[in-house]
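The values are calculated or read from the model by the stated rules, or taken from the named source; none is laboratory data. Because the structure is predicted, anything quoted here is derived from the model rather than measured. Using ideal geometry, Cβ is built from the backbone for each residue, glycine included, and neighbour counts are taken over all protein chains shown.
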Amino acid sequence: MQNELNEISKIITEAEKNAKNDTFYEASPETESHLNWPVECTVGPGLEGAIACETNIGYVNGSKGWLVYRGYNIFDLCANATFEEVAFLLLNGELPSPSELSGFNRKLNDYKYIPDVQRLLMSFPLEEMSSMAALRLGVGLLRQKQTYRDKEKKYSNVPQAVASDDDSYAMESDLKGKSAATYEFSQQSYLKLKNVETDLLGSEDIESCYHLISGISTIAATIARIKSGHLPIEPDPDLSHAGNLIYMMTGRRPSTVEERIMDICFILHADHGMNASTFASLVVASTLSDIYSAVGAGVAALSGPLHGGANEKALLMLKEIEKSNNLKEWFQNALAEKRKIMGIGHRVYKVYDPRARILGPLAEYLVSKNPEMKSLFNTARALENEVNSTLGKEKKLFPNVDFYAGIVYHALGIPTEFFTPLFAVSRVAGWTSRILEYLKNNRIFRPRALYVGPYNKEIIKK
Ligand SMILES: CC(C)(COP(=O)(O)OP(=O)(O)OC[C@H]1O[C@@H](n2cnc3c(N)ncnc32)[C@H](O)[C@@H]1OP(=O)(O)O)[C@@H](O)C(=O)NCCC(=O)NCCS
């Protein structure tokens with residue numbers, strides 16, 4: 001087993017070497033100092049190029065092909081850290097000491113047990129919902145179990161409701177002779193609330209981040225189980241975060257190698273600059289909504305095919321090409337019809353995506369143990385070669401993280417429908433870290449749109 005783990009580390013070291021060689025001549029970025037706001041920058045449609053905030057969390061460099069979390073490059077993290085360590089690093093700024101790590105692991109293990117949320121989730125028609133819609137619902141239910149924010153509001157609204165609607169008085173319980181009318185039941189809930197830790201009312205705290213990072217994996221697995229006609233499985237505290245996900249989702253205990261490869265996938269997806277879902281979650285958090293709603297917004301943004309949904313689409317596309325048995329014709333048609341090839345191209349990377357550099361060889365490694373997937377992998381490699389020698393040369397379009405991720409997940413036994421939820425499960429670490437950071441200097445997001453419509457129309461009654 002140790003040999004296989006060493007082989008995986010070697011794959012990552014090799015990928016890092018290739019990345020460095022390929023981009024050696026690209027200029028390194030200058031170290032940035034703090035900005036003096038307001039800042040001047042060139043902005044394209046969709047806020048492309050706009051700087052919304054400063055961050056210490058993560059950095060993507062599109063010309064060097066760098067992905068950096070808190071100063072550590074992604075290759076180093078994948079080779080030498082676990083997802084748990086990386087999540088702690090993103091949230092807290094430093095890698096954990098052994099005692100911090102065991103405390104963090106204990107919390108993650110505790111927060112994986114969410115039977116109330118699972119029970120609530122099972123009362124919805126999950127089989128009629130897409131897995132990402134169900135995941136967003138699950139995050140909302142997790143919120144209800146962790147924050148008392150809504151209950152607090154309910155209590156404070158009660159006296160006004162009575163004052164403004166005396167007719168409702170007779171239908172409720174007796175007044176208590178206080179200056180403002182209160183109902184017996186709401187007084188009880190107030191007493192209960194007084195015992196609640198105040199940070200649970202706000203919930204923008206690190207504890208909620210741990211709760212979300214851990215809870216969302218149980219939710220994703222529960223959805224997968226229910227949608228495939230099985231009952232949810234309890235987490236196993238002896239397994240890692242990644243191992244538990246495979247186990248709770250598939251019902252099969254992963255091998256050490258499978259657990260490690262899923263762990264690397266989680267590290268690779270944990271954060272990625274100011275991407276659409278991170279931005280969506282920050283926009284919601286900036287309104288001082290709450291961190292659960294903000295993460296729910298991230299899940300919603302991630303579900304689109306141009307963002308997280310591309311991994312599912314890429315695998316389906318590769319299967320279609322494999323079936324057609326005519327890659328060249330498929331590719332020429334795609335070019336002629338100007339179709340977007342899934343898993344290819346990136347808004348930031350204009351060189352090979354470092355995550356694809358790791359996932360490609362990992363897919364090859366898994367396929368070497370799983371010969372029936374060989375033809376699918378060969379199709380992917382052949383398509384990549386076509387892309388590199390055409391779109392790569394002409395438009396700097398190369399495989400992105402989603403190109404090989406589907407093959408890796410497929411080899412690990414994850415059904416296609418749950419690839420994007422898996423992405424969300426790891427990205428929660430990045431979303432929550434960036435939300436906590438942003439809220440320290442919060443400013444509600446408010447870009448502008450240029451109005452180009454008419455001003456002076458009049459209603460003409462017909
Ligand atoms: C990721 C993506 C949205 C980035 O888009 P972008 O940087 O805004 O690039 P644009 O859409 O402006 O495209 C620039 C050019 O490359 C082409 N292009 C971009 N992605 C392409 C793809 N996947 N396949 C074929 N051509 C592509 C565009 O057609 C355009 O060509 P043109 O200049 O001749 O009009 C885009 O590459 C894409 O849709 N990829 C497929 C979906 C995917 O894998 N998403 C996951 C991202 S991690």
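Quick one: in the stretch 440-462, of everything that is loosely packed, with under 10 Cβ neighbours inside 10 Å, of a type in the set (D, E, K, R) and in a loop (DSSP other than H, G, I, E, B), which residue is modelled with the lowest pLDDT? Break it down into steps so the answer makes sense when it comes.
So the first thing to find is which residues in the stretch 440-462 are loosely packed, with under 10 Cβ neighbours inside 10 Å, and the list is 440-441, 444, 446-462.
After this cut, where a residue has to be of a type in the set (D, E, K, R) as well, the list is 440, 446, 448, 457-458, 461-462.
The next check asks that each one be in a loop (DSSP other than H, G, I, E, B); those that pass are 446, 448, 457-458, 461-462.
Working: Arg446: 94, Arg448: 92, Lys457: 95, Glu458: 95, Lys461: 94, Lys462: 87.
Per the stated criteria, the residue is Lys462.
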(Q) If I filter the stretch 352-406 down to residues being among the aliphatic types (A, V, I, L, M), closer than 18 Å to Ile11 by Cα and away from the ligand (no atom under 14 Å from the Cβ), which single residue comes out as nearest to the chain's Cα centre (by Cα)? (A) Ile358
Q: State yes or no: is Lys369 within 30 Å of Glu258 (Cβ to Cβ) and either at pLDDT 95 or above or touching a strand residue (DSSP E or B) at 6+ places or on another chain (Cβ under 9 Å) (or both)?
A: no
Q.
Residues that are aromatic (Phe, Trp, Tyr) and either in contact with a Ser or Thr (Cβ under 8 Å, 6 or more places away or on another chain) or over 19 Å from Cys265 (Cβ atoms) (or both): list the helices (runs of 4 or more DSSP H) wholly contained in the stretch 325-425 that include at least 2 such residues.
A. 327-336
**Q.** Cβ-Cβ under 7 Å pairs, at least 6 apart or on other chains, the stretch 406-422 side on the phi > 0 side of the Ramachandran plot, far side in a loop (DSSP other than H, G, I, E, B) and surrounded by fewer than 21 Cβ atoms within 10 Å (Cβ to Cβ)
**A.** Gly413/Arg252
Q: Pull up the stretch 276-334, narrow it to residues that are touching a residue at least 40 places away in the same chain (Cβ under 8 Å), charged (D, E, K, R) and more than 15 Å from the ligand (Cβ to nearest atom), then point me to the one that is nearest to His410 (Cα to Cα).
A: Lys319
Q: Return yes or no: is Ala411 more than 30 Å from Leu142 (Cα to Cα) and at pLDDT 95 or above?
A: yes
(Q) Yes or no: the stretch 252-264 includes at least one residue that is within 30 Å of Trp330 (Cβ to Cβ), within 16 Å of the ligand (Cβ to nearest atom) and either at pLDDT below 95 or surrounded by 20 or more Cβ atoms within 10 Å (Cβ to Cβ) (or both). (A) no
(Q) So, in the stretch 421-443, exactly how many residues are of a type outside the set (Phe, Trp, Tyr) and within 11 Å of the ligand (Cβ to nearest atom)? (A) 0
Q. Do we have Glu437 as closer than 19 Å to Asn56 by Cα, among the acidic types (Asp, Glu) and assigned to a helix (DSSP H, G or I) here?
A. yes
Q. Out of curiosity, is Tyr111 touching a Phe, Trp or Tyr at 6+ places or on another chain (Cβ under 9 Å) and either part of a loop (DSSP other than H, G, I, E, B) or farther than 30 Å from Ile226 by Cβ (or both)?
A. no
Q: State the number of residues belonging to the stretch 335-350 that are more than 7 Å from the ligand (Cβ to nearest atom) and under 23 Å from His410 (Cα atoms).
A: 0
